[in-house]
Amino acid sequence: MLLPLFIIFPFIVGVFMLLMNGQKPQKWLGALVSGALVALFFYLSCNGKEMAYQADWFSFNNVKTYIALDGTGLGGLMLLLSNLVYAALFIYIGSSDQKYSNSFYGLLLIALAGLNGVFLANDLILFYFFWEIVLIPIYFLIGIWGKGADKIKANMTFFLYTVLGSMFMLAGIIYIGFNLKPVSFLITDVQQVTTPYFSTNTFLALLFLIAFVIKIPIFPFHTWQPTAYKTSPTPVTVVLSALMAKMGLFAVVHWFLGLFPSISELFDYFLYVAIFGLIYASLIALSTKNIKKIIAYSSIAHLALIFVALFTRNEIGTQGAYFQMFSHGLVVLGLWLIVDVLERQYNVKDINSIKGLATANPTLAILLMIFGLANVALPLTSSFIGEFMMLNALFSYNKILAVFACLGVILSAVYTLRLAGAILFGEVKNIDLNDRTKDTSGVILVLAVVAIIVIFLGIYPTPIFEIIAR
Amino acid sequence: MNTIIISALSGIILMFSGFYIKNSRALTFISALMFIAIIIGGVFELNGCKMLDGRFPNMIGESLYGVSFIIGLAALAVFYLLINKDQFGKVGNHVGEYFALIFFSFTGVAVLGQFNNLVLMFLGIELMSIPMYIIAGTNKESLKSTEASVKYFLMGAFSTGFLLLGITFLYGATGTFLVENIDKFDQNFEMIYYLGWILIIFSFCFKVGAAPFHMWTPDVYAGTPTVFTSYMSTIVKGGSFLGFILVMQQFPADAEYSGYLRVLLGTIIVLTLVLGNFGAVTQNSVKKMMAYSSIAQAGFMLFVLFQVNSVSKEALFFYTIVYSVANFIIFYTIQQTKAEKYEDLIGLGKANPFLAAATSVALISLAGIPLTGGFIAKFMALSIGGANAENLVIIVIALVMAVLSMYYYFKVIIHMYFKEGQSNIKTQDGLTTALLVVGIIVLIVMGIFPGILPSFLATPMW
């Protein structure tokens, strides 16, 4: 019975905050909600409580729909990630000098409710329901608080692009529901009609895949992403890259591979495209000077590797991909927050804006380096565990793909170190060494905690694998 | 039967009351009470208490579905009257007559819900339409309004011709006007029989604004005073669809020609969706956008006709209610802001956050995004089409068009919230606020508990 709280609690608090828009921002409320949900997650998983919930919803045309939530395995891990990232995010916004109103917090919380719903839903309609709900608050967040002259256009592109994908999926859902007629939209019931059917028909499976790869995003469906990341306010960028991208990957595992296990071999050609996208995105990251763009494209590259690893249908590769989904969420959270600090404190736009950060602000420099190295997947960081496992599996699956994936890792090292080198070292430039007015201790604390988790999981990854194994 | 009688009587009463009562608000409230009387009459009928029982055995049928649908439409009408209570007086001086016309038109709607005879169906359609032709031209100062009236009348007369010819053909092939005997046709007149059906379908397509018979819609909706456009695009459209589905349910679903019918319907749907949505995208006028949007929405509603059974009837009812509530809210905003172009809405999010939020919910519902009834409505409608494997392509097209529709619906949101500017829209009074809250609640509750509304259908209360 406690499981629906993951959705209802943030939703109600979110709506409540929207309604008290005009008042003084209640900065602590969001952190409290997501922190409480992290605690609830640990309470449920450590006490071995039943992590499933089911109730009737409605039936139409003789197909029943349930409210079915299930927080085990990858879904549980993603649930933990989303609430953890949100907690860090809220504490970060609260402790920095950013002025957001209550409706900003409220919309973020409503998006959290939707995200939790996506990771918990075990019924196809319910899944689609939450999948779409996430978009609405994000749309308003970017539209109202976004930056840059082209924010409306970027926002609309992002919105229409992802909705277009969703609509293809909805067409697939309707076809499955009312033509193949499963007993209900529960995943187990839907599997029974799709598994035999889809060994002969690939068109419908494609409808689902398009929705998911747009959300991740995988080349060539990534075009909405860099501008959306660039124009969004930082908290939204974090949600987009750390969590909404995971929605897509989670959906590939849970729904695409879950419903069409026999067909996925035919999609191997798609993996070549994805790997091409990986190299392509890495090269762009290497050639651009805009820091946000570097991280955006780096994200595309890393997600592409996870996507490919999921299709190896290999135990090690899959586990590695799951692990990396969690790890990438934390690393990218750290990177975006550091970019935000740089942007607000030192007016950094591109990698030539400042120099000598290591001299001026060593703590921040160290944190940037830790997250940078985690992005490169250096041993001792969590990314190494996941990436090693994925590359390992990929090598035994398809050598060509593995070679190009490894090339991507090398490129990732190049662009990350180029970024760090340009900002951290050299003569101090554009930084006022005497300017100590801006207090960043709260921000640093959040980043340090996240960095510690990243390193801890790099040394001792077992807790995550335990959650996955459930 | 009850609903027809009460509605007609209300029309007559209001026609004369216009002489004595000049206050448009008072007239509005009286009309709202009369619509509540229609609802009560309908509820009595559902439970078997009928006025004039059995006097017209071959004319009025016993369709509980039709009665429940009319009750739903009457409830919508109450909402419509109350939310627009300040608007009727602004159109002109003959307020009493406007309400009389609305009731006469509603009588037609009520007839369309209960006909048992093609002649009565014809009567219902004309009864519904003719007052609307007049209402379209109520703003005598405006050339556009007059144009709307004339255009509506001419096009309507044209579709009447189709309908009459179709009924004649069906009569020729079957020898009866009775709806339940429609499918018993003489094999020698097969061609004429199906031609009759096609003509009837065409004429209903005129009424619901489906392509390629939609041409009148944008000009008429834009020219008609907004307060009546709101009625036209919701209750009249709902009534037309009610008649449409009731006559279509007599079409033999297993006939060898039913495949052709599906092709015909599919073509109409695709055309409607494409022309409606592309038409809306290119508009600068919000009202014209809403006119094209109503064409596009008709495209979705037509999906329920693919297989007429209790499920599709439920879907149509659900769609009509949800779509109408959203439309009422948006048209209310258009009137309040006197919005001609999108730019007139700039700053509404700051000036009147509540109205902007209500409008956003309504737009999101029209766009068919979850958490609102609009999503469930589209889902239900499409699922009826989804029962045929061949329809997958049409469904994909429909959903891609739904994405296009988000472009123009969200353009309103962009102007309300994302663009810098001033707006001086004052807050609305308590009753309107309460109605807007009711509207939002209906839209969201329908999105979360979609089972509620269909459970009211055709179920007696005691």
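The values are calculated or read from the model by the stated rules, or taken from the named source; none is laboratory data. Computed from a prediction, not measured in an experiment: that's the story for all the values here. For neighbour counting, all protein chains shown are included, and Cβ atoms are generated from backbone atoms with ideal geometry for every residue, glycine included. Please note that ligands, DNA and RNA were not included when accessible areas were found on the heavy atoms of the full protein model with its side chains. Shrake-Rupley method; radii C 1.70, N 1.55, O 1.52, S 1.80 Å.
Scanning for something assigned to a loop (DSSP other than H, G, I, E, B) and open to solvent by less than 10 Å² (accessible area, probe 1.4 Å), does the range B:77-84 turn up at least one residue? Checked against the condition, which is being assigned to a loop (DSSP other than H, G, I, E, B) and open to solvent by less than 10 Å² (accessible area, probe 1.4 Å), the range B:77-84 yields at least one hit. Residue B:343 satisfies every condition listed in (1) of a type outside the set (Ser, Thr, Tyr); (2) more than 12 Å from chain A (Cβ to nearest Cβ); (3) not in a helix (DSSP H, G or I) except (3). Within the range B:222-232, none of the residues are open to solvent by 10 Å² or more (accessible area, probe 1.4 Å) and more than 20 Å from residue B:132 (Cβ to Cβ). A single member of A:30, A:48, A:35 is in contact (Cβ under 8 Å) with a residue 60 or more places away in the chain and of a type in the set (Gly, Ala, Ser), and it is A:30.
Please verify whether the range B:32-48 includes one or more residues that are without any contact (Cβ under 8 Å) to a residue 12 or more places away in the chain, more than 21 Å from residue B:313 (Cβ to Cβ) and surrounded by fewer than 20 Cβ atoms within 10 Å (Cβ to Cβ).
yes
Considering only the range B:12-22, I want to know if a residue exists there that is under 27 Å from residue B:317 (Cβ atoms) and either open to solvent by less than 50 Å² (accessible area, probe 1.4 Å) or not in a helix (DSSP H, G or I) (or both).
no
Do we have any residue at all in the range A:55-63 that's of a type in the set (Val, Ile, Thr) and under 26 Å from the mean Cα position of the chain (by Cα)? No, there is no match, as no residue in the range A:55-63 is of a type in the set (Val, Ile, Thr) and under 26 Å from the mean Cα position of the chain (by Cα). Under the condition of being aliphatic (A, V, I, L, M) and either free of Cβ contacts under 8 Å to residues at least 12 places away in the same chain or farther than 25 Å from residue A:134 by Cα (or both), the residues counted in the range A:222-277 number 6. When restricted to residues that are under 18 Å from residue B:276 (Cα atoms) and crowded, with 24+ Cβ neighbours inside 10 Å, the range B:189-202 contains 0. If you go through the range A:213-226 and keep only what is out of contact with any Gly (no Cβ under 9 Å at 6 or more places or on another chain) and either open to solvent by 10 Å² or more (accessible area, probe 1.4 Å) or part of a helix (DSSP H, G or I) (or both), you end up with A:223, A:225, A:226. Any chance the range A:404-423 includes a residue that's assigned to a helix (DSSP H, G or I), among the aromatic types (Phe, Trp, Tyr), out of contact with any strand residue (DSSP E or B) (no Cβ under 9 Å at 6 or more places or on another chain) and within 14 Å of residue A:335 (Cα to Cα)? Yes: the range A:404-423 contains one or more residues that are assigned to a helix (DSSP H, G or I), among the aromatic types (Phe, Trp, Tyr), out of contact with any strand residue (DSSP E or B) (no Cβ under 9 Å at 6 or more places or on another chain) and within 14 Å of residue A:335 (Cα to Cα). State all residues of the range B:385-409 that are hydrophobic (A, V, I, L, M, F, W, C) and within 7 Å of chain A (Cβ to nearest Cβ); if no residue qualifies, say none. Correct list: B:387, B:389, B:392, B:395, B:396, B:399, B:400, B:402, B:403, B:406.
For the range B:205-215, a tally of residues being open to solvent by 10 Å² or more (accessible area, probe 1.4 Å), in contact (Cβ under 8 Å) with a residue 60 or more places away in the chain and part of a helix (DSSP H, G or I) returns 1. Each residue in the range A:227-272 was checked for being within 21 Å of the chain's Cα centre (by Cα) and either of a type in the set (Asp, Glu) or open to solvent by 10 Å² or more (accessible area, probe 1.4 Å) (or both), and 6 pass. If you filter the range A:66-82 down to residues that are assigned to a helix (DSSP H, G or I) and aliphatic (A, V, I, L, M), you find that the one that is farthest from residue A:6 (Cα to Cα) is A:74. Considering the conditions (1) within 11 Å of chain B (Cβ to nearest Cβ); (2) modelled with pLDDT of 90 or more, residue A:212 is excluded by exactly one of them, (1). Among the residues making up the range B:234-293, a single one is within 18 Å of residue B:398 (Cα to Cα), within 17 Å of the chain's Cα centre (by Cα) and open to solvent by 10 Å² or more (accessible area, probe 1.4 Å): B:292. Residue check: residue A:318 meets all listed conditions (1) open to solvent by less than 20 Å² (accessible area, probe 1.4 Å); (2) of a type outside the set (Lys, Arg); (3) more than 30 Å from residue A:347 (Cα to Cα) but one, namely (1).
In the range B:361-384, the residue that is nearest to the other protein chains (Cβ to nearest Cβ) out of those that are polar (S, T, N, Q) and over 17 Å from residue B:412 (Cα atoms) is B:383. Answer yes or no: is there a residue in the range A:53-65 that is in a helix (DSSP H, G or I), touching a residue at least 40 places away in the same chain (Cβ under 8 Å) and under 27 Å from residue A:466 (Cα atoms). Among the residues of the range A:53-65, not one is in a helix (DSSP H, G or I), touching a residue at least 40 places away in the same chain (Cβ under 8 Å) and under 27 Å from residue A:466 (Cα atoms), which makes the answer no. Please tell me if residue B:318 is touching a Lys or Arg at 6+ places or on another chain (Cβ under 6 Å) and in a helix (DSSP H, G or I). No: the conditions fail for residue B:318. Checked against (1) farther than 30 Å from residue B:114 by Cα; (2) free of Cβ contacts under 8 Å to residues at least 40 places away in the same chain, residue B:335 passes all but a single condition, namely (2). Helices (runs of 4 or more DSSP H) fully within the range A:83-200 that include at least 3 residues being farther than 26 Å from residue B:377 by Cβ and either within 14 Å of chain B (Cβ to nearest Cβ) or open to solvent by less than 10 Å² (accessible area, probe 1.4 Å) (or both): A:102-120, A:135-145, A:151-175. Select from the range B:437-451 the residues that are over 18 Å from residue B:381 (Cβ atoms) and either touching a Ser or Thr at 6+ places or on another chain (Cβ under 9 Å) or surrounded by fewer than 19 Cβ atoms within 10 Å (Cβ to Cβ) (or both) and list them in ascending order. Those that are over 18 Å from residue B:381 (Cβ atoms) and either touching a Ser or Thr at 6+ places or on another chain (Cβ under 9 Å) or surrounded by fewer than 19 Cβ atoms within 10 Å (Cβ to Cβ) (or both): B:437, B:438, B:441, B:444, B:445, B:448, B:449.
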